[in-house]
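A.B. asks: My questions will all concern the structure given below.
The values are calculated or read from the model by the stated rules, or taken from the named source; none is laboratory data. Everything numeric in this text was worked out from a predicted model, so none of it was measured. Please note: Cβ atoms are built from the backbone with ideal geometry, for glycine as well, and neighbour counts cover all protein chains shown. Just the protein is used for accessible areas: all its heavy atoms, side chains included, with ligands, DNA and RNA removed. Shrake-Rupley method; radii C 1.70, N 1.55, O 1.52, S 1.80 Å.
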Amino acid sequence: MSFEEMWAELLPVGRDAVTGGYHRFAWTPPELECRAWFADEARRRGLDLEHDPNGNMIAWWYPEDGSRTGAVLTGSHLDSVPGGGAFDGPLGIVSAFAAVDLLRERGVRPARPIGIGAFAEEEGARFGVACLGSRLLAGAIDPARARGLTDAGGHTFAEVVHNAGLDPHAIGPDEDLLGRIACYVELHVEQGRSLEQPVGVASAIVPHGRWRFDFAGEGNHAGTTGLPDRRDPMLPFAHMVIAAREAAERNGTVATVGKVRVEPNGVNAIPSAVTAWLDARGPADDAVRRTVLEVDEAARVAARPHRVSVDLAEESYTEIVDFNLALRDRVGAALGGVPVLPTGAGHDAGVLSARLPTAMLFVRNPTGVSHAPEEFAEPADRLAGVEALAAVLDDLARG
């Protein structure tokens, strides 16, 4: 099956007919349909499908001698952010299957296993922690904490994975699997407009994290409660949003408040509580930390006159990731020299870099838009990405 045919099969899954955005949250029907598609593609090629304890899937192409170690892993993820684009994640997986097809057509016989991975809950859209599947695999999150994470409907991660056929008490680091992988190379659509050629290589992932602000006030009637009597958490929340932009400008970072939950969420009711999530990223750890500290201070100052309490919790944080230099240079050499650029987006390759050498390929995005329906890669650039990934896998799997 060609790249175009595979892409056409995935394209309608989880897509909103009105906005064109995707809603493929971990272990919901659209994402499960994508998982079934992945399994079908593995079977179609005679690849061995492995399910790890954390909900990650790997399709293995083993060498003729049956070796199971020293593997070269590629792939990405199938889940999306709310209203996301088509390319973030699936481009890396469809390209990986297409690259394996290309290598087989050319008669390549790898000396090392080649794996195509689909990592679970990369976006963190359902349970709030990005790259949850790879974090569990790498030991970057306490399994007990992961089991207790809840989605918007109050379902815990433990309940959801149990219903999906996994043992929630078995989640966590998989040293056997990690020990079989020599390196991981992830192909991904570029999530900005810095890449001027069809394909590039990542140098680093900048520091980034997510923080939850909880504003607690007092619910009351919107028409009968005088202004002096109100404990309205929406007011300090509004200050916090503006403070995030101002702190980012001062510190040379970016800060976003893209998710908010209001209780009881009624038009004629003063909110009793507001929960807001802050995403902050920047070129250096101290700049990101300073941004969050300044936002927290501004929120607390704004809350005092309104007798509103503020709590801050760090939900996830990833320090700067400098990709393995030797692997990066080898990938670049296999491609004959391509642009090298950093990224402000988090990826499974960044999480796994703490346990094994990782690298990333980027495919040009002419719109510069990501996490939105306008995310795009030209058909010719998609195929250039397949060619690039095939060349890298061929080189790395030779030994």
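A.B. asks: Has region 380-392 got any residue that is in contact with a helix residue (DSSP H, G or I) (Cβ under 7 Å, 6 or more places away or on another chain), under 15 Å from Glu186 (Cα atoms) and surrounded by fewer than 21 Cβ atoms within 10 Å (Cβ to Cβ)?
C.D. replies: Checked against the condition, which is being in contact with a helix residue (DSSP H, G or I) (Cβ under 7 Å, 6 or more places away or on another chain), under 15 Å from Glu186 (Cα atoms) and surrounded by fewer than 21 Cβ atoms within 10 Å (Cβ to Cβ), region 380-392 yields at least one hit.
A.B. asks: What number of residues within region 300-313 are open to solvent by 90 Å² or more (accessible area, probe 1.4 Å) and part of a loop (DSSP other than H, G, I, E, B)?
C.D. replies: 1
A.B. asks: Return the residue satisfying two criteria in turn: it lies in region 250-287 and is among the aliphatic types (A, V, I, L, M) and within 19 Å of the chain's Cα centre (by Cα), and of such residues it is farthest from His221 (Cα to Cα).
C.D. replies: Per the criteria, the residue is Val254.
A.B. asks: Report, by residue number, each residue of region 153-167 that is free of Cβ contacts under 8 Å to residues at least 24 places away in the same chain and buried (at least 18 other Cβ atoms within 10 Å of the Cβ). Reasoning before the result, please.
C.D. replies: Start the filter on region 153-167 by keeping residues that are free of Cβ contacts under 8 Å to residues at least 24 places away in the same chain, which leaves 153-156, 158-159, 162, 165.
Across region 153-167, the qualifying residue is only Ala158.
A.B. asks: Output the qualifying pairs, or none if there are none: Cβ atoms under 6 angstrom, residues six or more apart or on different chains, first residue in region 3-19 and assigned to a loop (DSSP other than H, G, I, E, B), second residue open to solvent by 100 Å² or more (accessible area, probe 1.4 Å).
C.D. replies: Hits for this filter: Val13/Glu33.
A.B. asks: Turning to a different aspect of this structure: Scan region 360-376 and tell me whether some residue there is surrounded by fewer than 18 Cβ atoms within 10 Å (Cβ to Cβ) and free of Cβ contacts under 8 Å to residues at least 60 places away in the same chain.
C.D. replies: No, region 360-376 has no match at all.
A.B. asks: Is region 275-282 home to any residue that is within 30 Å of Ala354 (Cα to Cα), acidic (Asp, Glu) and assigned to a strand (DSSP E or B)?
C.D. replies: Yes, that holds for at least one residue.
A.B. asks: Would a scan of region 143-152 turn up a residue that is under 18 Å from Met57 (Cα atoms), open to solvent by less than 20 Å² (accessible area, probe 1.4 Å) and touching a residue at least 12 places away in the same chain (Cβ under 8 Å)?
C.D. replies: no
A.B. asks: Got a number for residues in region 140-152 being modelled with pLDDT of 95 or more, outside any helix (DSSP H, G or I) and more than 21 Å from Cys34 (Cα to Cα)?
C.D. replies: As a first pass, look at region 140-152 and keep what is modelled with pLDDT of 95 or more: 140-151.
Then drop every residue that is not outside any helix (DSSP H, G or I), which leaves 140-142, 149-151.
From what is left, the residues that are more than 21 Å from Cys34 (Cα to Cα) are 140-142, 149-150.
Of the residues in that region, 5 qualify.
A.B. asks: Pick from Gly14, Gly55: which is touching a Gly at 6+ places or on another chain (Cβ under 6 Å), among the small types (Gly, Ala, Ser) and buried (at least 19 other Cβ atoms within 10 Å of the Cβ)?
C.D. replies: Gly55 is the lone residue from the list that is touching a Gly at 6+ places or on another chain (Cβ under 6 Å), among the small types (Gly, Ala, Ser) and buried (at least 19 other Cβ atoms within 10 Å of the Cβ).
A.B. asks: Being out of contact with any strand residue (DSSP E or B) (no Cβ under 7 Å at 6 or more places or on another chain) and of a type in the set (A, V, I, L, M): is that true of Ala152 here?
C.D. replies: Here the answer is yes, as Ala152 does meet what is asked.
A.B. asks: Can you name every residue in region 247-263 that is over 16 Å from Val81 (Cβ atoms), part of a strand (DSSP E or B) and among the basic types (Lys, Arg)?
C.D. replies: Scanning region 247-263 gives a single hit, Arg261.
A.B. asks: With the checklist (1) free of Cβ contacts under 8 Å to residues at least 24 places away in the same chain; (2) under 27 Å from Asp395 (Cα atoms) in hand, flag the one item Ala98 doesn't pass.
C.D. replies: Going through the list (1) free of Cβ contacts under 8 Å to residues at least 24 places away in the same chain; (2) under 27 Å from Asp395 (Cα atoms), Ala98 breaks only (1).
A.B. asks: Follow-up question, since we're still on this one. Take Gly266 and decide whether it is open to solvent by less than 40 Å² (accessible area, probe 1.4 Å), of a type in the set (Gly, Ala, Ser), assigned by TED's automatic domain parsing to the domain that holds Phe215 and assigned to a loop (DSSP other than H, G, I, E, B). Outline the logic, then answer.
C.D. replies: Values: open to solvent by less than 40 Å² (accessible area, probe 1.4 Å): yes; of a type in the set (Gly, Ala, Ser): yes; assigned by TED's automatic domain parsing to the domain that holds Phe215: yes; assigned to a loop (DSSP other than H, G, I, E, B): yes.
So Gly266 fits the description; yes.
A.B. asks: Restricting to region 173-198, what's the tally of residues that are farther than 17 Å from Ile58 by Cβ and either open to solvent by 50 Å² or more (accessible area, probe 1.4 Å) or not in a strand (DSSP E or B) (or both)?
C.D. replies: Qualifying residue count for the region: 9.
A.B. asks: Which members of region 314-335 meet the condition of being acidic (Asp, Glu) and either without any contact (Cβ under 8 Å) to a residue 40 or more places away in the chain or in a helix (DSSP H, G or I) (or both)?
C.D. replies: Once the filter is applied, which keeps residues that are acidic (Asp, Glu) and either without any contact (Cβ under 8 Å) to a residue 40 or more places away in the chain or in a helix (DSSP H, G or I) (or both), region 314-335 yields only Asp329.
A.B. asks: For region 80-139, which positions are open to solvent by 10 Å² or more (accessible area, probe 1.4 Å), among the aliphatic types (A, V, I, L, M) and not in a helix (DSSP H, G or I)?
C.D. replies: Within region 80-139, Val81, Ala86, Val108, Ala111, Ala125, Ala130 meet the criteria.
A.B. asks: Another question, if that's okay. Being at pLDDT below 95 and farther than 21 Å from Arg104 by Cα is the filter here, so list the residues in region 372-399 that pass it.
C.D. replies: If the condition is that a residue be at pLDDT below 95 and farther than 21 Å from Arg104 by Cα, then no residue fits.
A.B. asks: State which residue is farthest from Asn265 (Cα to Cα) when the search covers only region 213-249 and only residues that are within 28 Å of the chain's Cα centre (by Cα) and open to solvent by 60 Å² or more (accessible area, probe 1.4 Å).
C.D. replies: Ranking the candidates gives Glu249 first.
A.B. asks: Moving on. Looking only at region 340-362, count every residue that is part of a loop (DSSP other than H, G, I, E, B) and either in contact with a helix residue (DSSP H, G or I) (Cβ under 8 Å, 6 or more places away or on another chain) or at pLDDT 95 or above (or both) and tell me the total.
C.D. replies: 6
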